[in-house]
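Here is the structure we will look at, set down as structure tokens.
The values are calculated or read from the model by the stated rules, or taken from the named source; none is laboratory data. Computed from a predicted model, the values in this text were never measured in an experiment. When we count neighbours, we look across all protein chains shown, and the Cβ atoms used for this are built from the backbone with ideal geometry, even at glycine.
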Amino acid sequence: MGDQTRFIILAGPRTGSTYLVDYLDAAPGTRCLSELFQDDRIDFRTHQPADPRLRDVAFRDADPVAFLDLLAQEAAACERFGFKMIGNHIASRGPDFLRQICVSRAWKKIYLWRDDLFEQSASFLLAHQHFGGEIWGRTPDQRRIAIAPRDMVACLHMVQTLYFLIESALAAAQREDVFALEYGELGRPSVMADLLRFLGLPPAAVDLLLERRASDPKLRFDPGPRLAERVVNYDELLSAFRNSRYRRLIGQ
């Protein structure tokens with residue numbers, strides 16, 4: 001590994017993690033890949049590997065640690081190498097692999113979550129309807145959805161279960177190896193600067209990326225429309241959840 005800093009982004013679904021991958025990948029001396037551990041494919045996003053074994057799901061699943069080591073070797077010219085792992089990829093792989101990374105001092109851990117579970121769940125259901133089995137990205141702002149209350153309940157429970165899985169593994173990590181941030185903080189330059197410093201970027205590189213963030217639309221965080229604009233039966237959801245512990249999230 002040498003002096004290369006390795007990091008993993010642990011995130012719930014629809015938390016802005018793709019934006020974070022692109023943001024960190026734009027940092028000098030940094031390679032950040034996307035969802036390497038989807039069940040049936042490997043999503044590198046921008047950096048396709050040279051070694052054909054790294055595009056082989058069977059090779060990845062046979063020895064995930066060797067797979068990551070080989071990817072890091074291909075990125076040896078980069079001072080920092082990382083990828084993201086969404087909660088449902090962790091669930092299907094089992095907790096031991098994630099715990100191994102969380103315990104290791106060789107990996108820095110970035111935990112990205114979303115406090116507003118209602119917004120997150122609606123975003124998940126919207127993306128599921130829009131993208132289906134394809135690689136998910138940002139859902140077009142004009143896309144709308146009707147959500148049955150029972151589907152929202154199921155999604156809320158699923159999202160919370162994935163967070164519990166991540167947090168259980170992170171409990172074994174050293175505190176100084178973890179940087180935690182919430183979805184809304186992706187829009188705060190001070191928080192993003194702290195994250196870059198956590199990964200070891202020197203002050204000049206941090207300033208450079210913050211300047212690029214201010215001028216480059218691709219590096220600006222845009223949360224998009226709110227729940228009330230996305231869901232066509234919003235009033236029905238308000239009524240269904242008015243007596244629940246989620247009511248403060250939906251304006252009741």
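Values for this structure:
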quantity	calculated
Conditions (1) in contact with a strand residue (DSSP E or B) (Cβ under 7 Å, 6 or more places away or on another chain); (2) farther than 27 Å from Gln120 by Cβ; (3) buried (at least 21 other Cβ atoms within 10 Å of the Cβ): number failed by Leu68	(1)
Count - residues of the stretch 45-56 that are hydrophobic (A, V, I, L, M, F, W, C) and either within 22 Å of Ser17 (Cα to Cα) or surrounded by 15 or more Cβ atoms within 10 Å (Cβ to Cβ) (or both)	1
Positions within the stretch 214-233 being surrounded by 13 or more Cβ atoms within 10 Å (Cβ to Cβ), at pLDDT 90 or above and not in a loop (DSSP other than H, G, I, E, B), in sequence order	Leu219, Arg230, Val231
Qualifying position, being crowded, with 18+ Cβ neighbours inside 10 Å and more than 30 Å from Arg188 (Cβ to Cβ), among Ile110, Ile42	Ile42
Subset tally (residues that are in a helix (DSSP H, G or I), farther than 30 Å from Pro28 by Cβ and of a type outside the set (A, V, I, L, M, F, W, C)) for the stretch 51-76	1
Single match in Arg31, Arg6, Arg99, Arg14 (criterion: buried (at least 21 other Cβ atoms within 10 Å of the Cβ) and within 26 Å of Phe164 (Cβ to Cβ))	Arg14
Single condition Arg143 does not satisfy, out of (1) among the charged types (D, E, K, R); (2) under 14 Å from the mean Cα position of the chain (by Cα); (3) farther than 27 Å from Ala27 by Cα	(2)
Meets criteria (assigned to a loop (DSSP other than H, G, I, E, B) and among the polar types (S, T, N, Q)) for Thr161	no
Residue within the stretch 109-121 that is free of Cβ contacts under 8 Å to residues at least 40 places away in the same chain, more than 16 Å from the chain's Cα centre (by Cα) and at negative phi present	no
Tally, over the stretch 104-147, of residues that are in a helix (DSSP H, G or I) and touching an Asp or Glu at 6+ places or on another chain (Cβ under 7 Å)	1
Residue satisfying condition, being surrounded by 13 or more Cβ atoms within 10 Å (Cβ to Cβ), over 17 Å from the mean Cα position of the chain (by Cα) and modelled with pLDDT under 95, within set Arg60, Arg93	Arg60
Residue check, Glu167 under 16 Å from Gly87 (Cβ atoms), of a type outside the set (Phe, Trp, Tyr) and surrounded by fewer than 16 Cβ atoms within 10 Å (Cβ to Cβ)	yes
Residues of the stretch 124-143 satisfying the condition of being farther than 22 Å from Lys84 by Cβ and in contact with a strand residue (DSSP E or B) (Cβ under 7 Å, 6 or more places away or on another chain)	Gln129
The listed residue being crowded, with 16+ Cβ neighbours inside 10 Å, touching a Lys or Arg at 6+ places or on another chain (Cβ under 8 Å) and either of a type outside the set (D, E, K, R) or closer than 25 Å to Ser244 by Cα (or both), out of Leu156, Leu186, Leu181, Leu126	Leu126
The stretch 130-153, subset among the β-branched types (Val, Ile, Thr) and either at pLDDT 95 or above or within 24 Å of Ala240 (Cα to Cα) (or both), residue surrounded by the most Cβ atoms within 10 Å (Cβ to Cβ)	Ile147
